[in-house]
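Remarks on the structure that follows.
The values are calculated or read from the model by the stated rules, or taken from the named source; none is laboratory data. For clarity, every value in this text was computed on a predicted model and none was experimentally measured. With ideal geometry, Cβ positions are generated from the backbone for all residues, glycine too; neighbour counts draw on all protein chains shown.
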Amino acid sequence: MKIAEVSKRYGVSTDTLRYYERVGLLRHVPRNKSGIRDYDEASCNAVEFVKCMRDAGMTIESLVEYMDLLEQGDATTQARKELLMRQSEEIRQRIEDLERALTRLQFKIDHYDEVMAESERGLLPEE
């Protein structure tokens, strides 16, 4: 699959795909006889993984570390698991933070609904 097709399929720009390859996130992307990238199933799986992890907020540096560990083989399974567990905890914390923010926003929205309703009745409450 050519880079433009991969870009469209995964919603990642071609520039980003080239960058990911340059920094070591996408490794061993096959090329045809003309030197043009020809993504195979393994390469596409790597793109999907990297996109998912980036969408989850994982840093480029952490992803490169993960890919380095992956290339080292089974001896790094525990280290890879720990890296992913740290990322999982960071996501859980962000979700908690977002839920608190959403609760606060909803409180303010409800407050303004009350203010507007009372205003329509000719009463203005003190804020």
| query | Considering region 15-45 alone, what residues qualify as being surrounded by fewer than 16 Cβ atoms within 10 Å (Cβ to Cβ), part of a helix (DSSP H, G or I) and free of Cβ contacts under 8 Å to residues at least 24 places away in the same chain? | reply | 15, 18, 19, 22, 41, 42, 45
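Out of region 77-91, which residues are small (Gly, Ala, Ser) and farther than 15 Å from residue 64 by Cβ? Steps first, answer last, please.
Here is the first cut: in region 77-91, the residues small (Gly, Ala, Ser) are 79, 88.
Once the filter is applied, which keeps residues that are small (Gly, Ala, Ser) and farther than 15 Å from residue 64 by Cβ, region 77-91 yields only 88.
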| Which of the residues spanning region 113-127 are surrounded by 10 or more Cβ atoms within 10 Å (Cβ to Cβ) and either charged (D, E, K, R) or at pLDDT 95 or above (or both)? | 113, 114, 118
| message | Residue under question is residue 41, and the condition is that it be more than 16 Å from residue 6 (Cβ to Cβ) and among the acidic types (Asp, Glu); does it hold? | response | no
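Could you go through region 58-75 and let me know if any residue there is of a type outside the set (Phe, Trp, Tyr), on the phi > 0 side of the Ramachandran plot and in the same structural domain as residue 11 (by TED's automatic domain parsing).
Within region 58-75, the first condition is being of a type outside the set (Phe, Trp, Tyr), and the residues that meet it are 58-65, 67-75.
Within this subset, residues satisfying the condition of being on the phi > 0 side of the Ramachandran plot are 73.
Applying the additional criterion that residues be in the same structural domain as residue 11 (by TED's automatic domain parsing) yields none.
Checked region 58-75: no residue is of a type outside the set (Phe, Trp, Tyr), on the phi > 0 side of the Ramachandran plot and in the same structural domain as residue 11 (by TED's automatic domain parsing).
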| task | Quick one: which residue in 71, 65 is assigned to a helix (DSSP H, G or I), acidic (Asp, Glu), surrounded by 15 or more Cβ atoms within 10 Å (Cβ to Cβ) and touching a residue at least 12 places away in the same chain (Cβ under 8 Å)? | result | 65
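Identify, from the list 50, 12, the residue that is outside the structural domain of residue 93 (by TED's automatic domain parsing), of a type in the set (A, V, I, L, M) and outside any helix (DSSP H, G or I).
Numbers: 50 fails: outside any helix (DSSP H, G or I).
When all the criteria are applied, what remains is 12.
Answer yes or no as to whether residue 106 is of a type in the set (S, T, N, Q) and under 30 Å from residue 25 (Cβ atoms). Full working, then the answer.
Numbers: of a type in the set (S, T, N, Q): yes; under 30 Å from residue 25 (Cβ atoms): no.
Against the criterion (of a type in the set (S, T, N, Q) and under 30 Å from residue 25 (Cβ atoms)), residue 106 does not qualify.
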